[in-house]
Amino acid sequence: MNDGTGHDGTGPGGRTGGRIVVGVDDSAGARAAVAFGLREAARRGARVEAVVSFLIPPYWPGPYGLPAAVPPTPLDDIRAMACDVATRVVDEVRAGLAGELAPMPEVAVRAIGGHPAVVLVDLADGADMLVVGSRGHGAAVGMLIGSVSLHCVLHARCPVTIVHPHGEPADLREAAARAASPVEH
């Protein structure tokens, strides 16, 4: 029975297939997001679009006729390096899930220039879900949502899932318990 939530292996409205966009970088949060995205795609019969963004370096001396202190890295090289990192992360996660997911969902890796939050929201337009990882920059900061995650939640036109790396929830509970305990002077 399909209740519209996709819990029977179908996407919204009972359709099969679909697209799940996952933000990828070289962090534990991104690895957890890729694993979640792959599991969700397998459950729905969807494909995964793993997206890594990279900042386009400013190059302003050229138009003003000034010599560059360091020659700029060609944009194609930056894109290739970003794509290599994302492909490695996706491949590592897929290898770890090989015994769990059969068949493994189709994955396309894309490297797009721009701010991660803007790139992810743009590419998630029309997707069934956007999945991003939490960076978890420490106990206090980790309790707050990151700027990319927050932007995605506020602006994406599809459901957004924020995934924390394994082990982080226990660390957060411990930090919250310490913060709530009376301070001895």
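Structural remarks
- So A50, is it open to solvent by less than 70 Å² (accessible area, probe 1.4 Å) and modelled with pLDDT of 80 or more: yes
- Single condition R110 does not satisfy, out of (1) at pLDDT below 95; (2) farther than 18 Å from R39 by Cβ: (1)
- When the stretch 26-54 is filtered for residues that are touching a Lys or Arg at 6+ places or on another chain (Cβ under 8 Å) and of a type in the set (S, T, Y), only S27 remains.
- Single match in V121, V148, V131 (criterion: closer than 28 Å to T73 by Cα and modelled with pLDDT of 95 or more): V121
- Failed criterion for A95 (all others in (1) assigned to a helix (DSSP H, G or I); (2) surrounded by 13 or more Cβ atoms within 10 Å (Cβ to Cβ) hold): (2)
The values are calculated or read from the model by the stated rules, or taken from the named source; none is laboratory data. Predicted, not measured: the structure shown is a model, and the values here were computed from it. Quick reminder, even Gly has a Cβ in these numbers, built from the backbone with ideal geometry, and neighbours come from all protein chains shown. Keep in mind that these areas ignore ligands, DNA and RNA; they rest on the heavy atoms of the full protein, side chains included. Shrake-Rupley method; radii C 1.70, N 1.55, O 1.52, S 1.80 Å.
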